[in-house]
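Below is one structure, written out as structure tokens; comments come after it.
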């Protein structure tokens, strides 16, 4: 589920539903930063009154929470799916493909996640969930090292960071309406990462 | 030259020179965002008056300009050095090593560059310089494809973005006082990128 499918019942001002409010909020946060975005910025971008905005969401903060849940929930689901694979090689392949899928499908929400600075409890909690996810990926890389799929002479943490450096860069340049097919992109990143990390 | 070596003559309030003001300014911009950082934030972090701050720099904007010049100037110098290499393979190796070096040596300034959103003329000009640099790297990747060093079946722009995805991730996790040696890290990224992109 993406933010744009998060609400389907249209209420309040005609033309805007809750999902639109969240989508526009995330756009603004990504353009000018969460801290620098005021509720007035949100209402003027949407062309609605504050009371119309508060009909859809409790606060600016709630928009942040929903978007971060979209991003982190997607990555955690991809990890659950990877964990169900029978071998370390398949688990690592599954999480790389799955993460690229989440990043291309929920690009604005993941962009927000990747730019968090930890300036509030919500941000700190999200960064902690992201750290847990990173540690699980590092564990998969370590398993893949012991199975001989990934070079064992490279620190598993550094290898994970290089793989996710490639994957996370996708949010900076991928365009939904661009020429790059998201599934093929996942296969390319998988190939470059595994060829690059293969034992010599 | 890093921001912390940008000025050596100590003037104004004892204990702070111009380089310190710039260093602290960049730290604050990276923590809370440039737009969200006020001159009062700067003076209270430094513990100086506004007039003491303005003794060192003309404006908050000047701190941004100096930091971006540090980052972009470093990358452009690395590109000049790469261009002087005799073969496409050596030029590509040189720019990968050189960029990792700049990122580890000028991490706060490059972090600022990578998080720019283009909210002012200065930011737009810096993003344009970054784009020119990216295009020059893509040209080096294309040359390396025609020499058979890099897979020709992958778009040169996508290959460049994946390489720089790995390189740029360094600003997120590298620690000057951490266990990872910056020169070795450059060699590892070079190896992973070139093995990963080698023709099959």
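Scanning the range B:24-31 for residues that are without any contact (Cβ under 8 Å) to a residue 12 or more places away in the chain, away from every other protein chain (no Cβ under 14 Å) and part of a helix (DSSP H, G or I) turns up nothing.
Among the residues of the range B:144-179, those identified as farther than 23 Å from residue A:175 by Cβ and either assigned to a loop (DSSP other than H, G, I, E, B) or outside the structural domain of residue B:68 (by TED's automatic domain parsing) (or both) are B:147, B:148, B:149, B:150, B:152, B:174, B:175, B:176, B:177, B:178, B:179. Within the range B:184-200, the set of residues being farther than 29 Å from residue A:180 by Cα and more than 8 Å from chain A (Cβ to nearest Cβ) comprises B:184, B:187. Among residues that are more than 9 Å from every other protein chain (Cβ to nearest Cβ), in contact with a helix residue (DSSP H, G or I) (Cβ under 8 Å, 6 or more places away or on another chain) and at pLDDT 95 or above, residue A:108 is included.
Does residue B:89 meet the test of being away from every other protein chain (no Cβ under 13 Å) and at pLDDT below 95? Spelling it out, residue B:89 is indeed away from every other protein chain (no Cβ under 13 Å) and at pLDDT below 95. Residue A:132 - would you say it is out of contact with any helix residue (DSSP H, G or I) (no Cβ under 7 Å at 6 or more places or on another chain) and part of a helix (DSSP H, G or I)? So residue A:132 passes the test.
Residue-by-condition table, conditions (1) in contact with a helix residue (DSSP H, G or I) (Cβ under 7 Å, 6 or more places away or on another chain); (2) farther than 24 Å from residue B:116 by Cβ; (3) within 14 Å of another protein chain (Cβ to nearest Cβ); (4) modelled with pLDDT of 90 or more:
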| residue | (1), (2), (3), (4) |
| --- | --- |
| B:17 | no, yes, no, no |
| B:37 | yes, no, yes, yes |
| B:54 | no, yes, no, yes |
| B:57 | yes, no, no, yes |
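Name the residues in the range B:87-103 that are touching a residue at least 40 places away in the same chain (Cβ under 8 Å) and over 16 Å from residue B:30 (Cα atoms), would you? Within the range B:87-103, B:87, B:88, B:89, B:91, B:92, B:93, B:95, B:96, B:97, B:99, B:100, B:101 meet the criteria.
Considering only residues that are surrounded by fewer than 22 Cβ atoms within 10 Å (Cβ to Cβ) and closer than 17 Å to residue B:134 by Cβ, look in the range B:92-101 and name the one that is farthest from the chain's Cα centre (by Cα). It comes out as B:94.
Tell me which residues, restricted to the range B:115-132, are within 20 Å of residue A:168 (Cβ to Cβ) and at pLDDT 95 or above. Selection gives B:127, B:130, B:131. Considering the range B:154-171 alone, what residues qualify as being touching a residue at least 40 places away in the same chain (Cβ under 8 Å) and either more than 14 Å from the chain's Cα centre (by Cα) or more than 8 Å from chain A (Cβ to nearest Cβ) (or both)? Correct list: B:154, B:163, B:171. Here is a list of conditions, (1) outside any loop (DSSP other than H, G, I, E, B); (2) surrounded by fewer than 19 Cβ atoms within 10 Å (Cβ to Cβ), and residue B:141 meets all of them except one; can you say which number that is? Answer for residue B:141: the failing condition is (2).
Considering only residues in the range B:118-152 that are without any contact (Cβ under 8 Å) to a residue 40 or more places away in the chain and at the interface with chain A (Cβ under 10 Å from one of its Cβ atoms), the one that is nearest to residue B:200 (Cα to Cα) turns out to be B:134.
Only one of (1) surrounded by fewer than 17 Cβ atoms within 10 Å (Cβ to Cβ); (2) closer than 25 Å to residue A:159 by Cβ; (3) more than 13 Å from chain A (Cβ to nearest Cβ); (4) over 14 Å from the mean Cα position of the chain (by Cα) is not met by residue B:181, so which one is it? Unmet condition: (3). Residue count for the range A:50-69 satisfying the condition of being more than 24 Å from residue A:129 (Cα to Cα) and either free of Cβ contacts under 8 Å to residues at least 12 places away in the same chain or surrounded by 20 or more Cβ atoms within 10 Å (Cβ to Cβ) (or both): 5.
The values are calculated or read from the model by the stated rules, or taken from the named source; none is laboratory data. Owing to the predicted nature of the structure, the values given are computational and were not obtained by experimental measurement. Quick reminder, even Gly has a Cβ in these numbers, built from the backbone with ideal geometry, and neighbours come from all protein chains shown.
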